[in-house]
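Participant: Mind looking over this structure? Questions follow.
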Ligand SMILES: NC(=O)c1ccc[n+]([C@@H]2O[C@H](COP(=O)([O-])OP(=O)(O)OC[C@H]3O[C@@H](n4cnc5c(N)ncnc54)[C@H](OP(=O)(O)O)[C@@H]3O)[C@@H](O)[C@H]2O)c1
């Protein structure tokens, strides 16, 4: 398919995992893709895999100044956006009594505040009919121990999809969320758990997935592309859950 031929798409956190799978799928369908991330080497590798037309911009999704710089870099490249996948996110888990203000701020700065101000900075660059997709999580809906801050940050995105859609629809822009269940990506190595705890957590999660496996990044990317394409023009301010039934059955 070539649903994104002649279109430009930004994928934040496009250097790894779900973001890279989405960036690749957009590029394979003809889009000019802009990706972001903090790690320069990972960004370079991803950009090479996406082809000569792709643009990589180093950026910290937890910084409002960096959000504005990203918008300026896209503007300077003469790009106007037809879709944005607000995907860059951090997943750190900790039991409630151990959470301190710095932990809360690090998660909310990237996952919620950064997402909000990134979208605001991009507004002048959005084409009419543009679609914004945010990466949520089923953690917003289930009471998983130790996930309180992460889950709350993702719940904020589900709320933002509604309010921002209400404000942006007059410009023809809609906002939705894709909420994945467990997906096999490098994220799990970044949870802050040691190897034994990681293995135990993975086994616990797996036991809760009705389809009996983790999802693949491509399985989230296909929903992102659906929400980003005009074919989903009647889907506004809502969420699609892609979780192998984990939050549903
Ligand atoms: N994997 C899952 O099971 C799962 C489930 C539900 C939701 N999600 C959500 O999916 C999104 C992507 O996660 P993933 O599983 O694909 O993880 P991943 O493979 O670790 O990818 C995360 C991406 O985000 C970027 N990123 C993280 N913090 C950033 C920051 N402050 N500024 C700029 N870029 C940043 C990373 O690049 P750098 O590290 O180089 O900055 C990387 O490109 C996250 O929002 C996550 O919450 C994942």
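Participant: Determine which member of the set 73, 65 is within 13 Å of residue 115 (Cα to Cα), in a helix (DSSP H, G or I) and more than 19 Å from the chain's Cα centre (by Cα). Write out each step before concluding.
Facilitator: On the way: 73 fails: within 13 Å of residue 115 (Cα to Cα).
Every option except 65 fails the conditions.
Participant: Only one of 129, 143 is more than 19 Å from the chain's Cα centre (by Cα) and either more than 30 Å from residue 201 (Cα to Cα) or within 12 Å of the ligand (Cβ to nearest atom) (or both); which?
Facilitator: Working: 143 fails: either more than 30 Å from residue 201 (Cα to Cα) or within 12 Å of the ligand (Cβ to nearest atom) (or both).
Exactly one of 129, 143 is more than 19 Å from the chain's Cα centre (by Cα) and either more than 30 Å from residue 201 (Cα to Cα) or within 12 Å of the ligand (Cβ to nearest atom) (or both), namely 129.
Participant: Can I ask one more? For the condition within 26 Å of residue 149 (Cα to Cα), within 14 Å of the ligand (Cβ to nearest atom) and either surrounded by 17 or more Cβ atoms within 10 Å (Cβ to Cβ) or at pLDDT 95 or above (or both), what is the one hit in 119, 64? It would help to see each step written out before you state the result.
Facilitator: Numbers: 119 fails: within 14 Å of the ligand (Cβ to nearest atom).
The conditions single out 64.
Participant: So, in the range 1-32, how many residues would count as being more than 13 Å from the ligand (Cβ to nearest atom) and free of Cβ contacts under 8 Å to residues at least 60 places away in the same chain?
Facilitator: 9
For every residue, the table says whether it meets (1) surrounded by 21 or more Cβ atoms within 10 Å (Cβ to Cβ); (2) under 16 Å from the mean Cα position of the chain (by Cα); (3) in contact (Cβ under 8 Å) with a residue 24 or more places away in the chain; (4) within 28 Å of residue 217 (Cα to Cα).
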residue	(1), (2), (3), (4)
85	yes, yes, yes, yes
89	yes, yes, yes, yes
98	no, no, no, no
113	no, yes, yes, yes
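Participant: Give the residue that is farthest from residue 20 (Cα to Cα), with candidates limited to residues of the range 187-220 that are within 10 Å of the ligand (Cβ to nearest atom) and not in a loop (DSSP other than H, G, I, E, B).
Facilitator: 205
Participant: Only residues that are touching a strand residue (DSSP E or B) at 6+ places or on another chain (Cβ under 7 Å) and either over 21 Å from residue 46 (Cβ atoms) or away from the ligand (no atom under 11 Å from the Cβ) (or both): list them for the range 67-79, please. Walk me through it before giving the result.
Facilitator: To start, the set of residues in the range 67-79 that are touching a strand residue (DSSP E or B) at 6+ places or on another chain (Cβ under 7 Å) comprises 70, 73-74, 77, 79.
Answer for the range 67-79, where residues must be touching a strand residue (DSSP E or B) at 6+ places or on another chain (Cβ under 7 Å) and either over 21 Å from residue 46 (Cβ atoms) or away from the ligand (no atom under 11 Å from the Cβ) (or both): 73, 74, 77, 79.
Participant: So for the range 39-47 (the condition being outside any helix (DSSP H, G or I), within 8 Å of the ligand (Cβ to nearest atom) and out of contact with any helix residue (DSSP H, G or I) (no Cβ under 9 Å at 6 or more places or on another chain)), does at least one residue qualify?
Facilitator: yes
The values are calculated or read from the model by the stated rules, or taken from the named source; none is laboratory data. Nothing here was measured: the structure is a model prediction, and the numbers come from that model. Cβ atoms come from the backbone with ideal geometry, glycine included; neighbour counts cover every protein chain shown.
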